[in-house]
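Note sheet for the following structure.
The values are calculated or read from the model by the stated rules, or taken from the named source; none is laboratory data. The model shown is predicted, which means the values in this text are computed figures rather than measured ones. Cβ sites come from the backbone with ideal geometry, for glycine too, and all protein chains shown count toward neighbours.
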Amino acid sequence: MKKVRLGLIGMGMIGKLHAETMSKMKDIEFVAASDADAKHQKTATELGTKFYQSYKEMIGKDTLDGVVIAVPNELHLPVGATCAKKGLNILMEKPIAADLESADRLIQAAKENKVILMVGHHRRHNPMIEELRRIVRGGEIGKLVGVTVLWSLYKPKDYFKGPFAWRAQPGGGPIRINLIHEIDNIRYICGDITRLYAEVSHEARKFPVEDTVSISLRIAGGAVANIFLTDTAPGNVGYEANTGENLFFYQSPQNCYYYYGTEGVVTFPGMKKFFYRDPAKAGWQYALCEEGIKIDREDPYTRQIRNFCGVIQGTEKPKIDGVDARKTLEVALAIQKSGETGQAIVFG
Amino acid sequence: MEKVRIGLIGLGLMGTPHARILKKVEECDLVAAAEVDEKQKKVAEELGIKFYKNYEEMIEKETLQGVILALPNHLHAPIGIACAKRGLHLFVEKPIAPSVAEADRLIAAAKENKVQILVGHQRRFSSLVEKAREIVTGGQLGRLVGVTITWALLKPGSYYEGPLSWRKEQKGGGPILINLIHEIDNLRYICGEIDEVYAQVSNRIRNFPVEDTASITLRFKSGAIGTVFLTDCSPSLTSWEGTTGENPLLYSDFGNCYNFFGTDASLLFPQMKRRYYADPTKVGWNYPITEQGYKIPREDPYIKEFSHFCRVIQGKEIPRTSGEDGRRTLEVTLAIKRSGETGQPIRL
């Protein structure tokens, strides 16, 4: 089969990660990369790919099957729509767009031009998350009762400084940047969210943007979930701090998710299952059994690009398409709104 | 100093262990017990205390300073008021009463008759809780931004059967009123006043009139926020009972069930591990985090609690959980139940 020819738009923190990932993959052709900032030419050269300062020039000159787009959120729609018109398949970084209207227009543009729109909620490609989904949906822990999610990582002061000052402003905070991943994980593993309420606080940093959020969710089927998130406490608990997926973050061996079922409990990323072996001896006075779940670790970013290529070649379905990613964004925005209005939000 | 003369009202499931503990309390002279069920007379004989079938007779004939009420909740106010009128100090098991209105009547009667009320939230006497309170209120976590609590375990089928089937009923039964009230009281004691609650409540697993699962968000007066996940139908040890080992009849893995998050440090409870960045120039999610432990003495909270009651009667101490305090814990707990029914947040 012909190798899939990919281009990259945007070489910031996450774009660079995509570039490194694609340059290491033998089964694809990483044709070119572009970024408005010429300083990224160096990285492109090091990784053995062409560099353009203008993405329009790149998609005009090079023959590509698809593009990975990692530009600031408000550019997702214009850049995505331009690529769609060129007939290019799209892997768009999360969130799908800056707001729901832009998401709709992007989905429409992809549809009209008959291109694939996949969204970079890369955690869906983590084998541990896939296994968790299989366990929960396959009934291995009985009926799902509830889920708890913890995310407490301390963002350093310089995270909000200089060119990143926008992160202290509304919309630039942990709800859209970090929490959206947690929402997508819950949706992927358990199903759609039907109702939510959130307490949102910015008391600690006193920035216009939130720093701490506590949430109660209801999931289709009736299970409930709690999410607690703060980026201003030295907790070192949370997906990034516990899974070892990105070693930039200091790692602590702790569980950040608990999935509670009627027949068992699974912890993540410890990947242990807890249950009572003897149904006649099930209850709080008895010892609980513990079983490890074996997982082969694999880099989710590589698997994500591979899935994108498979979709382009027509051999795979996208792990998350535009419509699905729009729902994740909708929930994240609803959390923000619930925090502002003090009202519970119900999804139709 | 002379010992404090105490009478016990109720020598059943709860009162009997209380009587045995009271015999061990140095400051206490357990004089007599009253119980409608005459079969319990043998317990009194075994402990060498007088037995009355009628509590009114006991408080009339004996010269007592205080009484301990180990009775069904609906009897707390009527019997408590009768004892207060005789000038007896009151120890009332939690919850102070089934309703806030009844709690108010009891509190007013105590005030009129100048007697003290101590409400039996015995966890306030746990050395673990005492230490956590010292750490949080002493500022060792910096400014508290949030707290998460999980209370997830499996109650065996027998818990809700036979004479205990009232636990299934809305009037006084269910894990919110029976179990969560302890977590709420702990939170109030450690973190301060709660002024807003929201809850999603479900009974879809056990299908009893009462809830089996709840997902809750809280807001504290201080601005901190929190989540509580509660279920009594999942094979889990992530609960007070399953982690502290304070109840020798229940299985415990000595894990954690609470997380406290502050701007300077976080605390895992009950393992009592405090996490913080040791080097002030290396603060943030990419830096190693330091973990500090605390040595906690193992003490019996019930002995401490009853001995405190005696010292309250002697005028040496003020009640750790006054009537007003117990009433507020009840009020917050009932608000959680109501929020679950109405689907709306409740501001207290």
Show the residue pairs meeting these rules: Cβ distance below 6 Å; 6+ apart or different chains; first residue within the stretch B:10-25 and buried (at least 18 other Cβ atoms within 10 Å of the Cβ); second residue part of a loop (DSSP other than H, G, I, E, B).
B:Gly10/B:Ala70; B:Gly10/B:Leu71; B:Leu11/B:Glu35; B:Gly15/B:Ala70; B:His18/B:Ala70
Given (1) of a type in the set (D, E, K, R); (2) at pLDDT 95 or above; (3) more than 18 Å from B:Asp29 (Cβ to Cβ), B:Lys94 misses just (2)
Taking the condition in contact with a Leu (Cβ under 9 Å, 6 or more places away or on another chain), of a type in the set (D, E, K, R), surrounded by 15 or more Cβ atoms within 10 Å (Cβ to Cβ) and within 30 Å of A:Tyr159 (Cα to Cα), does A:Asp65 pass?
no
Within the stretch B:283-326, which residues are charged (D, E, K, R) and within 14 Å of chain A (Cβ to nearest Cβ)?
B:Glu291
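If the requirement is being crowded, with 20+ Cβ neighbours inside 10 Å and assigned by TED's automatic domain parsing to the domain that holds B:Leu153, which of these qualifies: B:Tyr287, B:Tyr294, B:Tyr258?
B:Tyr258 is the lone residue from the list that is crowded, with 20+ Cβ neighbours inside 10 Å and assigned by TED's automatic domain parsing to the domain that holds B:Leu153.
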So which pairs qualify, if the first residue must be in the stretch B:188-208 and over 24 Å from A:Gly142 (Cα atoms) and in contact (Cβ under 8 Å) with a residue 60 or more places away in the chain, the second must be part of a loop (DSSP other than H, G, I, E, B) and basic (Lys, Arg), the Cβ gap must be under 8 Å, and the two must be at least 6 apart or on different chains?
B:Glu193/B:Lys221; B:Ile194/B:Lys221; B:Asp195/B:Lys221
Candidate set: the stretch A:204-231, residues that are among the β-branched types (Val, Ile, Thr) and closer than 26 Å to B:Asp212 by Cβ; chosen: the one nearest to the other protein chains (Cβ to nearest Cβ):
A:Val224
Filtering the stretch A:17-34 down to residues that are under 22 Å from the mean Cα position of the chain (by Cα) and among the aliphatic types (A, V, I, L, M), which residue is surrounded by the most Cβ atoms within 10 Å (Cβ to Cβ)?
A:Ala19
Condition (residue is assigned to a strand (DSSP E or B) and either at negative phi or in contact with a helix residue (DSSP H, G or I) (Cβ under 6 Å, 6 or more places away or on another chain) (or both)) applied to the stretch B:338-347: is it met by at least one residue?
yes
The stretch A:35-154: helices (runs of 4 or more DSSP H) wholly inside it with 1 or more residues that are within 18 Å of the chain's Cα centre (by Cα) are A:76-85, A:100-112, A:127-137
Residues in the stretch A:330-348 that are in a helix (DSSP H, G or I) and among the aliphatic types (A, V, I, L, M) total 5
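Taking the stated definitions as given, is B:Trp151 on the phi < 0 side of the Ramachandran plot, of a type in the set (Phe, Trp, Tyr) and touching a strand residue (DSSP E or B) at 6+ places or on another chain (Cβ under 7 Å)? Please lay out each step first, then the result.
Details: on the phi < 0 side of the Ramachandran plot: yes; of a type in the set (Phe, Trp, Tyr): yes; touching a strand residue (DSSP E or B) at 6+ places or on another chain (Cβ under 7 Å): yes.
The answer is yes for B:Trp151.
Could you tell me whether A:Lys85 is among the basic types (Lys, Arg), under 30 Å from A:Leu100 (Cβ atoms), touching a residue at least 12 places away in the same chain (Cβ under 8 Å) and surrounded by 14 or more Cβ atoms within 10 Å (Cβ to Cβ)?
Details: among the basic types (Lys, Arg): yes; under 30 Å from A:Leu100 (Cβ atoms): yes; touching a residue at least 12 places away in the same chain (Cβ under 8 Å): yes; surrounded by 14 or more Cβ atoms within 10 Å (Cβ to Cβ): no.
So A:Lys85 fails the test.
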Suppose we keep only residues that are touching a residue at least 60 places away in the same chain (Cβ under 8 Å) and of a type in the set (Val, Ile, Thr) within the stretch B:119-143. Which one would you say is surrounded by the most Cβ atoms within 10 Å (Cβ to Cβ)?
B:Val119
Counting only strands (runs of 3 or more DSSP E) wholly inside the stretch A:192-283, the ones holding at least 3 residues that are in contact with an Asp or Glu (Cβ under 9 Å, 6 or more places away or on another chain) are A:193-201, A:212-219, A:224-230, A:272-275
Are there any pairs with C-beta distances below 8 angstrom linking a residue in the stretch A:55-78 that is of a type in the set (Phe, Trp, Tyr) to a residue that is modelled with pLDDT under 95, with the two at least 6 apart or on different chains, and if so which?
none
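Of the residues B:Lys61, B:Lys39, only one is without any contact (Cβ under 8 Å) to a residue 12 or more places away in the chain and over 17 Å from B:Leu88 (Cβ atoms); which?
Only one candidate qualifies: B:Lys39.
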Looking only at the stretch B:1-15, which residues are modelled with pLDDT of 95 or more and farther than 17 Å from B:Cys83 by Cβ?
B:Lys3
Identify the residue in the stretch B:215-238 that is crowded, with 24+ Cβ neighbours inside 10 Å and more than 7 Å from chain A (Cβ to nearest Cβ) and, among all such residues, is farthest from the chain's Cα centre (by Cα).
B:Ala224
What pairs come up if the first residue lies in the stretch A:324-341 and is within 9 Å of A:Ile180 (Cβ to Cβ), the second is surrounded by fewer than 19 Cβ atoms within 10 Å (Cβ to Cβ), and their beta carbons are under 7 Å apart, counting only those six or more places apart or on different chains?
A:Leu329/A:Leu100
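Taking into account only those residues within the stretch B:119-156 that are polar (S, T, N, Q) and part of a loop (DSSP other than H, G, I, E, B), which is farthest from the other protein chains (Cβ to nearest Cβ)?
Only one residue fits best here, namely B:Ser126.
Give me the residue from the stretch A:232-248 that is of a type in the set (A, V, I, L, M) and under 20 Å from the mean Cα position of the chain (by Cα) and, out of that set, farthest from the other protein chains (Cβ to nearest Cβ).
A:Leu247
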Residue list for the stretch B:239-282, restricted to those being more than 7 Å from chain A (Cβ to nearest Cβ) and among the hydroxyl-bearing types (Ser, Thr, Tyr):
B:Ser239, B:Thr243, B:Thr244, B:Ser252, B:Tyr258, B:Thr281
Could you run through the stretch A:2-35 and say how many residues are among the charged types (D, E, K, R) and closer than 15 Å to A:Tyr301 by Cα?
5
Are there any pairs with C-beta distances below 6 angstrom linking a residue in the stretch A:206-235 that is without any contact (Cβ under 8 Å) to a residue 12 or more places away in the chain to a residue that is not in a strand (DSSP E or B), with the two at least 6 apart or on different chains, and if so which?
A:Gly222/B:Arg204
